[in-house]
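Asks: Next up is a structure, given as structure tokens.
The values are calculated or read from the model by the stated rules, or taken from the named source; none is laboratory data. Just so you know, these numbers come straight off a predicted model, no measurement behind them. For neighbour counting, all protein chains shown are included, and Cβ atoms are generated from backbone atoms with ideal geometry for every residue, glycine included. Remember, those area values only see protein heavy atoms, side chains included, never the ligands or the DNA or RNA. Shrake-Rupley method; radii C 1.70, N 1.55, O 1.52, S 1.80 Å.
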Amino acid sequence: QVQLAESGGGLVQPGGSLRLSCAASRIIFSMYTMGWYRQAPGKQRELVATITTGGSTNYAESVKGRFTISRDNARYTVYLQMSSLKPEDTAVYYCYPPGLTGASWGQGTQVTVSS
């Protein structure tokens, strides 16, 4: 059973930091590259960062140098450390394996960057 639960969002001022967490089911976490997506109001969902089972990472240009994705294999948890946040980072953030289809998405966690 696929289970994904995001947490850690909130309201932060521009330039601030947040760390998001995603608890995943063991099978999904062990088998798939994990990704963080975000969806801003009126916009399509976009993939912002991925991490393979071996720990290789990739980032969208818009977050490169500011966001860091990591995984804790003992806790089946993926993290997204976000720094130097900008108002345009405001969105609902979701974790999901890019290579998986048909599974339900989690509820996401809201990140709002505003002064």
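Asks: How many of the residues making up the range 92-115 are out of contact with any Asp or Glu (no Cβ under 8 Å at 6 or more places or on another chain), surrounded by fewer than 22 Cβ atoms within 10 Å (Cβ to Cβ) and touching a residue at least 12 places away in the same chain (Cβ under 8 Å)? Walk me through it before giving the result.
Replies: We begin by selecting, within the range 92-115, every residue out of contact with any Asp or Glu (no Cβ under 8 Å at 6 or more places or on another chain); these are 92, 96-105, 110, 112, 114-115.
Checking which are surrounded by fewer than 22 Cβ atoms within 10 Å (Cβ to Cβ) leaves us with 92, 97-105, 110, 112, 114-115.
Among the residues that remain, those that are also touching a residue at least 12 places away in the same chain (Cβ under 8 Å) are: 92, 97-100, 103-105, 110, 112, 114-115.
Qualifying residue count, the range 92-115: 12.
For (1) open to solvent by less than 30 Å² (accessible area, probe 1.4 Å); (2) of a type in the set (S, T, N, Q); (3) in contact (Cβ under 8 Å) with a residue 60 or more places away in the chain, each residue gets a yes or a no:
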| position | (1), (2), (3) |
| --- | --- |
| 2 | no, no, yes |
| 6 | yes, no, yes |
| 15 | no, no, yes |
| 35 | yes, no, yes |
| 41 | no, no, no |
| 44 | no, yes, no |
| 51 | yes, no, no |
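Asks: A further question follows. Take the range 62-90 and flag every residue that is free of Cβ contacts under 8 Å to residues at least 60 places away in the same chain and open to solvent by 70 Å² or more (accessible area, probe 1.4 Å).
Replies: Narrowing the range 62-90 to residues free of Cβ contacts under 8 Å to residues at least 60 places away in the same chain: 62-78, 88-90.
Once the filter is applied, which keeps residues that are free of Cβ contacts under 8 Å to residues at least 60 places away in the same chain and open to solvent by 70 Å² or more (accessible area, probe 1.4 Å), the range 62-90 yields 64, 65, 68, 73, 74, 75, 76, 88.
Asks: Okay, moving on. Does residue 21 satisfy the criteria of being open to solvent by 50 Å² or more (accessible area, probe 1.4 Å), closer than 15 Å to residue 110 by Cβ and within 13 Å of the chain's Cα centre (by Cα)?
Replies: Details: open to solvent by 50 Å² or more (accessible area, probe 1.4 Å): no; closer than 15 Å to residue 110 by Cβ: yes; within 13 Å of the chain's Cα centre (by Cα): yes.
For residue 21, the condition - open to solvent by 50 Å² or more (accessible area, probe 1.4 Å), closer than 15 Å to residue 110 by Cβ and within 13 Å of the chain's Cα centre (by Cα) - is not met.
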